[in-house]
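Right, one structure below, let's go through it.
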Amino acid sequence: MGYGAYLLLRPAPTQVVAVPEPPKPPEPLRYTLRVGSEPPGARVYLDGFYLGQTPLVTPPLEGGRRVLRVELPGYAPWEEEIALDRHLSLNVRLTPLPQAPSPAPAPSAQAGKLVLRLEGRSWLRVTQGEKRLYEGIPEVGTELSFDLPVEVRAGNPGGVRVLLDGKDLGLMGEPGKPLTRSFP
């Protein structure tokens, strides 16, 4: 008996059942977030991710319980868990940190040195040739000093102030844009 005979002799299906498609999960609800600060220009992080500087208006973000952090060098960071369950507008008043007078370092002590002063959170890796001198996320306000020459990789170069041989070169780069620089 061949395939043709099988087709003629096979039993007819008794019932056809249509299986409905499973329902699609609902799209997550999205809301905009507006953040202002006094003073303006503070860095804004949501769940540890850099969003930008105040005043800030975000594109629609997925709702839920989120951690908002606002920080500005010279001010105490502000952090709070928020419920992003509607369009939200916040204005944060930052508190200045007490300023302790710092004596100017002697020029001879800074010759041939690179000092990295953390004004914002940033991951850092400092190498000298193949030797890794530092890797981690130092606390804001930390100063790290290294003998030259070194190569510095920063995850958030906008939070790292560079002092070379006692001279302030400013911030290492733009906030949130990883950067590698060599210092002779």
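Can you say whether LEU124 is under 18 Å from GLY170 (Cα atoms), in contact with a Lys or Arg (Cβ under 8 Å, 6 or more places away or on another chain), hydrophobic (A, V, I, L, M, F, W, C) and modelled with pLDDT of 85 or more, as far as the supplied structure shows?
Here the answer is yes, as LEU124 does meet what is asked.
Please work out which residue is surrounded by the fewest Cβ atoms within 10 Å (Cβ to Cβ), limiting yourself to the range 46-63 and to residues that are within 24 Å of GLU27 (Cα to Cα) and in contact (Cβ under 8 Å) with a residue 24 or more places away in the chain.
Result: PRO59.
Restricting the range 121-132 to residues that are closer than 30 Å to GLU79 by Cβ and open to solvent by 20 Å² or more (accessible area, probe 1.4 Å), which is farthest from the chain's Cα centre (by Cα)?
Filtering the range 121-132 for residues that are closer than 30 Å to GLU79 by Cβ and open to solvent by 20 Å² or more (accessible area, probe 1.4 Å), the one farthest from the chain's Cα centre (by Cα) comes out as ARG125.
On the basis of being modelled with pLDDT under 90, over 17 Å from the mean Cα position of the chain (by Cα) and closer than 22 Å to PRO138 by Cβ, does LEU97 make the cut?
Against the criterion (modelled with pLDDT under 90, over 17 Å from the mean Cα position of the chain (by Cα) and closer than 22 Å to PRO138 by Cβ), LEU97 qualifies.
For the range 139-151, name all the residues that are under 26 Å from GLY48 (Cα atoms) and in a strand (DSSP E or B).
GLU143, LEU144, GLU151
Only one of these conditions is not met by LEU33: (1) in contact with a strand residue (DSSP E or B) (Cβ under 7 Å, 6 or more places away or on another chain); (2) open to solvent by less than 100 Å² (accessible area, probe 1.4 Å); (3) within 24 Å of PRO96 (Cα to Cα). Which number is it?
(3)
How many residues, within the range 152-180, are touching a residue at least 12 places away in the same chain (Cβ under 8 Å), open to solvent by 80 Å² or more (accessible area, probe 1.4 Å) and part of a strand (DSSP E or B)?
Counting residues in the range 152-180 that are touching a residue at least 12 places away in the same chain (Cβ under 8 Å), open to solvent by 80 Å² or more (accessible area, probe 1.4 Å) and part of a strand (DSSP E or B) gives 1.
Taking the range 12-33, which residues are free of Cβ contacts under 8 Å to residues at least 40 places away in the same chain and within 43 Å of the chain's Cα centre (by Cα)?
Matches in the range 12-33: GLU21, PRO22, PRO23, LYS24, PRO25, PRO26, GLU27, PRO28, ARG30.
Under the condition of being surrounded by 14 or more Cβ atoms within 10 Å (Cβ to Cβ) and over 15 Å from the mean Cα position of the chain (by Cα), which residue from the range 133-147 is farthest from ALA76 (Cα to Cα)?
Top of the filtered list is LEU133.
The values are calculated or read from the model by the stated rules, or taken from the named source; none is laboratory data. Remember, predicted model here, so these are calculated numbers, not experimental data. Positions of Cβ are generated from backbone atoms using ideal geometry, with glycine treated the same way; all protein chains shown enter the neighbour counts. Surface areas here come from the heavy atoms of the whole protein model, side chains and all, with no ligands, DNA or RNA. Shrake-Rupley method; radii C 1.70, N 1.55, O 1.52, S 1.80 Å.
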